[in-house]
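Chemist: This is the structure I have questions about; it appears just below.
The values are calculated or read from the model by the stated rules, or taken from the named source; none is laboratory data. Quick caveat: nothing in here was measured; it's all calculated off a predicted structure. Cβ: placed from backbone, ideal geometry, glycine included. Neighbour counts: every protein chain shown.
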Amino acid sequence: MAGRLAGKIAIITGASTGIGAATARLFVAEGAKVLAADIKEPGAELAALLAQHSDAMRFAILDIRSEPAWAAGLTACLKAFGPPNVLVNNAGALGSGKPVHEESTDAMLAAFESNVLGMFLGMKTVIPGMIEGGGGAIVNVSSVWGWSGVANNVAYQTSKGAAVMLSKNAGVTYAPYNIRVNCLLPGYVDTPMSRGVTPDEAQMLIKFTPLGRRAEPHEIAPMIAFLASDEASFVAAGNYMVDGGMAAL
């Protein structure tokens, strides 16, 4: 029996570990062909997937902040599987955790390069082919902190908020071309990036989560798979929380 992502060709960024690796695993299990991309080499989970599913997965080093790197990633996908009809913009950066008056201009710009520019370049790269191919699905991964206010970490929160509006703009712009752009807003998830927070910050994040715990990456991936699938055929330009109830507080 074909999976619900059969016929999908996806580029997934930030795929070496965490949410990206869990999403790549689920996509392949559901029948998709996947170009897993990251600025760093595959972690253990993704390396095992690549070895097990060499017919359905390829890996490419891709710095999402570079337009030529995106062009090379698209070429790698075309050579391996054909034109992508799914893009998951999952890669991003955490930021320094500082408030406005202590943040540096360089750190602010770095957050926007990773969390906004990279997402913009990914869409800019794949959308022309999606238009030519008659449609597609794009899932941009932002954060609950791009929606709800929190003290400090101005670079992360502001850039993730910009990612929400970038997704909404693209969702409205490209819906007439049957390209569905949606934004996913995870809460506190156990990933290598989130492990960079201090123990006090971790306790604060759990306190702000009504379910009382952090999520595992495999709990986030199913929403991405749904938004990428034909089951979500009337879902466009939306924002979807997978945050354990955090945004409701």
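Chemist: Being farther than 26 Å from T75 by Cβ and among the hydroxyl-bearing types (S, T, Y) is the filter here; which residues of region 89-132 pass it?
Modeler: Selection gives S96, S104, T105.
Chemist: Here is a list of conditions, (1) closer than 24 Å to S233 by Cβ; (2) assigned to a loop (DSSP other than H, G, I, E, B); (3) touching a helix residue (DSSP H, G or I) at 6+ places or on another chain (Cβ under 8 Å), and G7 meets all of them except one; can you say which number that is?
Modeler: Tallying (1) closer than 24 Å to S233 by Cβ; (2) assigned to a loop (DSSP other than H, G, I, E, B); (3) touching a helix residue (DSSP H, G or I) at 6+ places or on another chain (Cβ under 8 Å), G7 fails exactly one: (3).
Chemist: Looking at G92, G31, which one is at pLDDT 95 or above, closer than 20 Å to S194 by Cα and part of a loop (DSSP other than H, G, I, E, B)? Even if it seems obvious, please write down each step before you answer.
Modeler: Details: G31 fails: closer than 20 Å to S194 by Cα.
Going through G92, G31 in turn, just one is at pLDDT 95 or above, closer than 20 Å to S194 by Cα and part of a loop (DSSP other than H, G, I, E, B): G92.
Chemist: Next question, about the same structure. Would you point out the residue of region 34-58, among those that are in contact with a Pro (Cβ under 9 Å, 6 or more places away or on another chain) and in a strand (DSSP E or B), that is nearest to P192 (Cα to Cα)?
Modeler: For region 34-58, the residue satisfying everything is A36.
Chemist: Residues in region 195-244 that are more than 19 Å from V139 (Cβ to Cβ) and out of contact with any Phe, Trp or Tyr (no Cβ under 9 Å at 6 or more places or on another chain): how many?
Modeler: Qualifying residue count, region 195-244: 12.
Chemist: Considering (1) part of a helix (DSSP H, G or I); (2) without any contact (Cβ under 8 Å) to a residue 60 or more places away in the chain, say which one L227 fails and leave the rest.
Modeler: Every listed condition holds for L227 apart from (2).
Chemist: In region 65-79, which residues are in contact (Cβ under 8 Å) with a residue 12 or more places away in the chain, surrounded by fewer than 19 Cβ atoms within 10 Å (Cβ to Cβ) and more than 13 Å from I9 (Cα to Cα)?
Modeler: R65, S66, E67, A71, A72
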